[in-house]
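Engineer: The structure under discussion is supplied below as structure tokens; questions concerning it will follow.
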Amino acid sequence: MFGVYDNKDGGGWNTTKDAYTSFVARPDRGKSAFFNNGGTAPRGSYQRGGFGGSGNSRWVEESRDDEDWSKPTQANERLEQELFAGGNTGINFDNYDDIPVEATGQNCPHHIDSFQDVEMGEIIMSNIALTRYTRPTPVQKYAIPIIKNKRDLMACAQTGSGKTAAFLLPVLSQIYTEGPGEALAAQKSGGQDNGKYGRRKQYPLALVLAPTRELALQIYEEARKFAYRSRVRPCVVYGGADIGQQIRDLERGCHLLVATPGRLVDMMERGKIGLDYCNYLVLDEADRMLDMGFEPQIRRIVEQDTMPPKGIRQTMMFSATFPKEIQILARDFLEEYIFLAVGRVGSTSENITQKVVWVEDGDKRSFLLDLLNATGKNSLTLVFVETKKGADALEDFLYREGYACTSIHGDRSQRDREEALHQFRSGRCPILVATAVAARGLDISNVKHVINFDLPSDIEEYVHRIGRTGRVGNLGLATSFFNDKNGNITKDLLDILVEAKQEVPSWLESLAYEHQHKRNYSHQGGVDWWGN
Ligand code: AMP
């Protein structure tokens, strides 16, 4: 199905508003661009309750080869409300403009300063206006022209930098310009199973791989915005949720697929997805995906199936850090790529005030209460703990103490996690207790305070965690409880604090010195001071 779709809620068409007013006009295109169906009812037949008995409705429409994908389809007021109601949350970009960006590589396209500096077509421009993104973030300024110029990209940028739109805008813009191409024919013929509509294998034109369901969902939501009034239907698949429902959704059409690697392999093996025409590949939070052990699945998807090879497809990788494993992946997946470093790779933003305090395990709870009282009841606070059991216990404790809080960890069901996230985001439960894995990639842009109730053992995880605050130009606070169990992170933590021009407690400096000294000693045959 390549027709206009109702995007989730079965709302169908709305002819009461033609959205002409919300369009960012381009001088070379006339009004008729909006009414490529002549302003009349759409082609196709309407089917109700096609699957799952969930009351879903869908448009079934035979796709036509002469459809112009670059022209906006008709507006749908209800959908528009749903997609764009959230608006922009008072982001302060003035702090953001100072973030240094470095682009390296042969013939690097020049960066843009405004969205108008690059030709992205009517659909994208009107959707940018609807999202109220007034100007590009630093990563967008560089990545958009690089991707528009069909170059491969390796970008070191954190979640919160605006990286999702940095790849979605140019990729979707290219798809709108180029149309479905050969995928359309494959969809019509080869992909059919028993000739029955609705059993077709889907051939997405673009694939975005992400490490967690939460991040995948966020990317999908952003994709729905920029696919509004287009013929592109975004889909999302991730583990831990009913596969049948995801398959039924795919069968309604899938041109841009957001997926976690394990679930995608499953879908491919079931013959539901073919990557033969996938000319755009994005790996988001690539370092996280490798940390989580997804490399075999990623290689299976990219190298051992039917995806066009590098050089033919366009590939973009985003990663907060750039360790050796990522460099190898970039070498294997990318062709003559541009390397983009946003801020300093591996460093943390100066927008975040980092505090490290010495707190013995037995004092952590009362110290936490003091901090919560000091920050104020309504500011969003994210508390990291080491274990799932620890998360439950701390949530119970805070609840008993009268705090509105919730928790998110690997043992909680998908529904519970989404519900918890919703309660947190909406401010109904402004305290979220989380384990690191469960919190990965979450886009919670206005967190005031990140508290490391338990510090992680590696510094990259620390950088990721505190990156949940001070995002997209806002100021944030990160407090970490440190005691003698955290010896192994001492030196790296000190380096990070110094690099980000933060206050360094003198005890941390002496510990780091002692640690280094003892290490040298132990390398000469002595005993490691930290007992490891
Ligand atoms: P990301 O790094 O993609 O997770 O984006 C972080 C947040 O910034 C998201 O909530 C986006 O909606 C928002 N955002 C992205 N680009 C812009 C922009 N140019 N102007 C305003 N907000 C933006």
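The values are calculated or read from the model by the stated rules, or taken from the named source; none is laboratory data. Everything numeric here is computed off the predicted structure, so don't read it as measured data. So basically every Cβ, Gly included, is an ideal-geometry build from the backbone, and we count neighbours across all protein chains shown. With ligands, DNA and RNA removed, areas are computed over all heavy atoms of the protein, side chains included. Shrake-Rupley method; radii C 1.70, N 1.55, O 1.52, S 1.80 Å.
Engineer: Checking ASN88 against (1) in contact with a Lys or Arg (Cβ under 6 Å, 6 or more places away or on another chain); (2) modelled with pLDDT of 75 or more, which single condition isn't satisfied?
Structural biologist: The single condition ASN88 does not satisfy is (2).
Engineer: Among (1) assigned to a loop (DSSP other than H, G, I, E, B); (2) at pLDDT 90 or above; (3) more than 16 Å from the ligand (Cβ to nearest atom); (4) crowded, with 18+ Cβ neighbours inside 10 Å, where does LEU207 come up short?
Structural biologist: Here LEU207 clears every test but (1).
Engineer: How many residues are away from the ligand (no atom under 16 Å from the Cβ) and assigned to a helix (DSSP H, G or I) when one looks only at the range 99-145?
Structural biologist: Residues meeting the conditions: 3.
Engineer: Quick one: count up the residues across the range 143-154 that are surrounded by 24 or more Cβ atoms within 10 Å (Cβ to Cβ) and under 23 Å from GLU178 (Cβ atoms). Steps first, please.
Structural biologist: Step one: of the range 143-154, the residues surrounded by 24 or more Cβ atoms within 10 Å (Cβ to Cβ) are 143-144, 146-147, 153-154.
So of that shortlist, the ones also under 23 Å from GLU178 (Cβ atoms) come out as 143-144, 146-147, 153.
The qualifying residues number 5.
Engineer: With (1) assigned to a helix (DSSP H, G or I); (2) within 16 Å of the ligand (Cβ to nearest atom); (3) modelled with pLDDT under 95; (4) open to solvent by less than 10 Å² (accessible area, probe 1.4 Å) as the list, and ALA183 as the residue in question, which single condition is left unmet?
Structural biologist: Unmet condition: (2).
Engineer: So is ASP266 more than 24 Å from ILE146 (Cα to Cα) and either in contact (Cβ under 8 Å) with a residue 12 or more places away in the chain or buried (at least 16 other Cβ atoms within 10 Å of the Cβ) (or both) or not?
Structural biologist: Criteria met by ASP266.
Engineer: Moving on. With (1) at pLDDT 90 or above; (2) within 20 Å of the chain's Cα centre (by Cα) as the list, and GLY160 as the residue in question, which single condition is left unmet?
Structural biologist: Exception for GLY160: condition (1).
Engineer: Go through (1) assigned to a loop (DSSP other than H, G, I, E, B); (2) at pLDDT 85 or above; (3) in contact with a Lys or Arg (Cβ under 9 Å, 6 or more places away or on another chain) and name the single condition VAL450 misses.
Structural biologist: In the conditions (1) assigned to a loop (DSSP other than H, G, I, E, B); (2) at pLDDT 85 or above; (3) in contact with a Lys or Arg (Cβ under 9 Å, 6 or more places away or on another chain), VAL450 misses (1) alone.
Engineer: Consider GLU214 against the criteria (1) surrounded by fewer than 24 Cβ atoms within 10 Å (Cβ to Cβ); (2) of a type outside the set (Gly, Ala, Ser); (3) within 16 Å of the ligand (Cβ to nearest atom); (4) under 24 Å from ILE146 (Cα atoms): it satisfies all of them except one. Which criterion is unmet?
Structural biologist: Evaluating GLU214 over (1) surrounded by fewer than 24 Cβ atoms within 10 Å (Cβ to Cβ); (2) of a type outside the set (Gly, Ala, Ser); (3) within 16 Å of the ligand (Cβ to nearest atom); (4) under 24 Å from ILE146 (Cα atoms) leaves (4) as the failure.
Engineer: So for the range 114-129 (the condition being farther than 27 Å from ALA85 by Cβ, open to solvent by 30 Å² or more (accessible area, probe 1.4 Å) and of a type outside the set (A, V, I, L, M)), does at least one residue qualify?
Structural biologist: yes
Engineer: Are any residues in the range 278-302 open to solvent by 60 Å² or more (accessible area, probe 1.4 Å) and closer than 13 Å to LEU257 by Cα, and if so, which ones?
Structural biologist: Selection gives ASN279 alone.
Engineer: Restricted to the range 468-496, and to residues that are modelled with pLDDT under 90 and aliphatic (A, V, I, L, M), which residue is nearest to the ligand (Cβ to nearest atom)?
Structural biologist: VAL472
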